[in-house]
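Enquirer: Let me begin by handing over the structure; questions about it come next.
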Amino acid sequence: MAHLTTHGTPPPLSPTELIALADNVGLRGRGGAGFPVARKLTAVLAARHRTDGRSAVVVNGTEGEPSCLKDTALLLYAPHLVLDGALLAARALGAQQVAVGVTRPDVADSVRRAIHELGPLSVELRVTRLPERFVTGEGSALADALDGGPGLPSGRKIRTSERGLGGLPTLLSNTETYAQLAVAARLGALPYRRVGVPDEPGTLLLTVAGTRVLEAPTGVPLARVLEYCGTGPGQGVLIGGYHGTFLSPAAARTVTLDRAALAAHGAVLGAGAVLPLPEDTCPAGEAAAVARWLAGESAGQCGPCVLGLPALADALEAVVRGGGERALAAVRDRSRAVARRGACGHPDGTARFVASALAAFPEEFAAHAYGGGCGRPVLGALPLPGSTAPPAGESPVAAPSEQLVVDWTLCRGHGLCADLAPGVVRLGPDGYPQQAAMALPARMRRRARLAVRRCPALALRVRPAAG
């Protein structure tokens, strides 16, 4: 009732009307890729002929990016707005089911309550809680998980608009995209276009510093967003999350948040993450920590992810430890080795992040590679699971509670553990693990236990972390 009092009842729209609306307001997906929604709708409609008119709608609320909270905010505080947009699309497309994928238990509960409040529907509407992984939100992985599969990218160049949920043509888009569609349907194209820039009207949901979500018009100056959140550009601002691009402080003070302005700096807004690096944190250490986490988020399906990303993280950490020109060259070589070779976009995105960090902070990486480092701690300004993004000067939350431990009396150097738990186990030149006890992030516990079970020499175990 509160939702309807605020927003009113959404109008029914025919397929032609919905496509025209999405086209007139220039609506693009807000999950990262920015694909035009009108083209997605058109593709699903065209593909329905091979399934006797059957189709599906999927809402991607998984938000595997640690620096983003906007989808969580929407589904916790305005779930009906998201469901309105998804049902609007489903009815226009003649879809028989709407599936919402999430990872957080509180978000799942919020969506279930909203579905219950809607009462009986002609469309099947369900929410499913999925594994909390970076790759869960990839289109084919999300559709697979919602169908009861392992939730891994297919590696095939088949769009979900052709074959998605249950093998049906599927409109798959991000939580915010459906919310924007619901708002545009209520307002109409002309009132919707009164906010924002002409080529990209409307508003954006932004997550700033991994902790705050705000809505702003497209074309808003980045400096104004940062000032509103009580911060500045610091040493630079990472735009677009952990597959994104660093902007220099000078660029951050002048750029506006729209596609054309960001493209001039080689950046895209992606899922709306805005991450300023404060002056008192180490950029090289922050980047190395993110690269290591990204390596651990591999789907484990292709060599560039399973082997290439841990090797890239190793090389970047070697730079931070003072590895000299050899370590810097290894970072460049490893980045080239994984680019454009993965089963999904994860290797490319990770290599792009590393290359952007090197380009944005060359003096910092040189100071580490050739000297004693910068002398600053890593504060966790680029948030990762198990930590928070604290205000400048405060320390991040602490360490994993478990370790993966090697029994040297049994280990025979098979190396299978490094394949099964990339980013946790790193092998030395002799093929044996480099450490006897390795910190075990929560996201890697399942894979670490798989490595324990499959170790041919029974040399691995998981134990509580010391201290």
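The values are calculated or read from the model by the stated rules, or taken from the named source; none is laboratory data. Treat the numbers as computed from the prediction; the structure is a model and nothing was measured. Glycine also receives a Cβ, built like all others from the backbone with ideal geometry; neighbour counts cover every protein chain displayed. Note: accessible area is taken over every heavy atom of the protein model, side chains too, but ligands, DNA and RNA are not part of it. Shrake-Rupley method; radii C 1.70, N 1.55, O 1.52, S 1.80 Å.
Enquirer: Filter region 405-429 down to residues that are over 14 Å from Cys455 (Cα atoms), over 26 Å from the mean Cα position of the chain (by Cα) and among the hydrophobic types (A, V, I, L, M, F, W, C), then give me how many there are.
Expert: 1
Enquirer: Pick from region 361-386 the residues that are open to solvent by 40 Å² or more (accessible area, probe 1.4 Å), farther than 19 Å from Glu65 by Cβ and small (Gly, Ala, Ser): which of them is modelled with the highest pLDDT?
Expert: My answer is Gly375.
Enquirer: Also, quick follow-up: Which condition does His116 not pass, out of (1) in contact (Cβ under 8 Å) with a residue 12 or more places away in the chain; (2) assigned to a helix (DSSP H, G or I), if it passes all the others?
Expert: Among (1) in contact (Cβ under 8 Å) with a residue 12 or more places away in the chain; (2) assigned to a helix (DSSP H, G or I), the lone unmet condition for His116 is (1).
Enquirer: Restricting attention to region 71-91, and to residues there that are in contact with a Gly (Cβ under 8 Å, 6 or more places away or on another chain) and under 14 Å from Ser173 (Cα atoms), which single residue is surrounded by the most Cβ atoms within 10 Å (Cβ to Cβ)?
Expert: That would be Asp71.
Enquirer: Got at least one residue in region 92-104 being open to solvent by 40 Å² or more (accessible area, probe 1.4 Å) and within 17 Å of the chain's Cα centre (by Cα)?
Expert: Yes, region 92-104 has at least one match.
Enquirer: For region 49-67, name all the residues that are open to solvent by less than 10 Å² (accessible area, probe 1.4 Å) and at pLDDT 90 or above.
Expert: Answer for region 49-67, where residues must be open to solvent by less than 10 Å² (accessible area, probe 1.4 Å) and at pLDDT 90 or above: Ser55, Ala56, Val57, Val58, Val59, Gly61, Thr62.
Enquirer: Residues that are out of contact with any Ser or Thr (no Cβ under 6 Å at 6 or more places or on another chain) and farther than 18 Å from Asp84 by Cβ, at least 1 per element: which helices (runs of 4 or more DSSP H) completely within region 1-72 meet that?
Expert: Details: elements: 2-7, 15-24, 37-47.
Counting at least 1 such residues, we get 15-24, 37-47.
Enquirer: Among the residues of region 193-214, which ones are outside any loop (DSSP other than H, G, I, E, B) and either open to solvent by 10 Å² or more (accessible area, probe 1.4 Å) or not hydroxyl-bearing (Ser, Thr, Tyr) (or both)? Can you show your working first?
Expert: Looking only at region 193-214, we keep the residues that are outside any loop (DSSP other than H, G, I, E, B), and these are 196-197, 200-201, 203-208, 212-214.
The answer is Gly196, Val197, Glu200, Pro201, Thr203, Leu204, Leu205, Leu206, Val208, Arg212, Val213, Leu214.
Enquirer: How many residues does region 121-160 hold that are part of a helix (DSSP H, G or I), touching a His at 6+ places or on another chain (Cβ under 9 Å) and open to solvent by 20 Å² or more (accessible area, probe 1.4 Å)? Can you show your working first?
Expert: Taking region 121-160 as the starting set, the residues that turn out to be part of a helix (DSSP H, G or I) are 134-137, 139-146.
Of the ones still in play, those that are also touching a His at 6+ places or on another chain (Cβ under 9 Å) are 134-135.
From what's left, open to solvent by 20 Å² or more (accessible area, probe 1.4 Å): 134.
Qualifying residue count, region 121-160: 1.
Enquirer: Restricting the search to region 410-431, which residues are part of a loop (DSSP other than H, G, I, E, B) and free of Cβ contacts under 8 Å to residues at least 24 places away in the same chain?
Expert: Result: Gly413, Gly415, Gly428, Pro429, Asp430, Gly431.
Enquirer: List the number of the failed condition for Gly296; all other conditions in (1) modelled with pLDDT of 90 or more; (2) of a type in the set (Gly, Ala, Ser); (3) surrounded by fewer than 24 Cβ atoms within 10 Å (Cβ to Cβ) hold.
Expert: If we test Gly296 against (1) modelled with pLDDT of 90 or more; (2) of a type in the set (Gly, Ala, Ser); (3) surrounded by fewer than 24 Cβ atoms within 10 Å (Cβ to Cβ), just (1) comes out false.
Enquirer: On to the next question. Of everything in region 21-48, what is open to solvent by 40 Å² or more (accessible area, probe 1.4 Å) and small (Gly, Ala, Ser)? Give them in sequence order.
Expert: Going through region 21-48, the residues open to solvent by 40 Å² or more (accessible area, probe 1.4 Å) turn out to be 23-24, 28, 31, 33, 35, 39-40, 42, 45-46, 48.
Gly31, Ala33, Ala46, listed by residue number.
Enquirer: Would you please name the residue that is modelled with the lowest pLDDT, looking only at residues in region 320-341 that are on the phi < 0 side of the Ramachandran plot and part of a loop (DSSP other than H, G, I, E, B)? Explain how you work it out, then say what you get.
Expert: First, pick out the residues of region 320-341 that are on the phi < 0 side of the Ramachandran plot: 320-321, 323, 325-339, 341.
This time we only want the ones that are part of a loop (DSSP other than H, G, I, E, B), so: 321, 323, 339, 341.
Working: Arg321: 88, Gly323: 87, Ala339: 79, Arg341: 74.
Across region 320-341, the extreme among qualifying residues is Arg341.
Enquirer: To continue, here is another question. Condition test on Leu190, is it without any contact (Cβ under 8 Å) to a residue 40 or more places away in the chain, not in a strand (DSSP E or B) and not hydroxyl-bearing (Ser, Thr, Tyr)? Walk me through it before giving the result.
Expert: Values: without any contact (Cβ under 8 Å) to a residue 40 or more places away in the chain: yes; not in a strand (DSSP E or B): yes; not hydroxyl-bearing (Ser, Thr, Tyr): yes.
So Leu190 fits the description; yes.
Enquirer: One residue is enough: does region 342-353 have a residue meeting the conditions open to solvent by 30 Å² or more (accessible area, probe 1.4 Å), at pLDDT 85 or above, out of contact with any Phe, Trp or Tyr (no Cβ under 9 Å at 6 or more places or on another chain) and over 19 Å from Pro283 (Cβ atoms)?
Expert: yes
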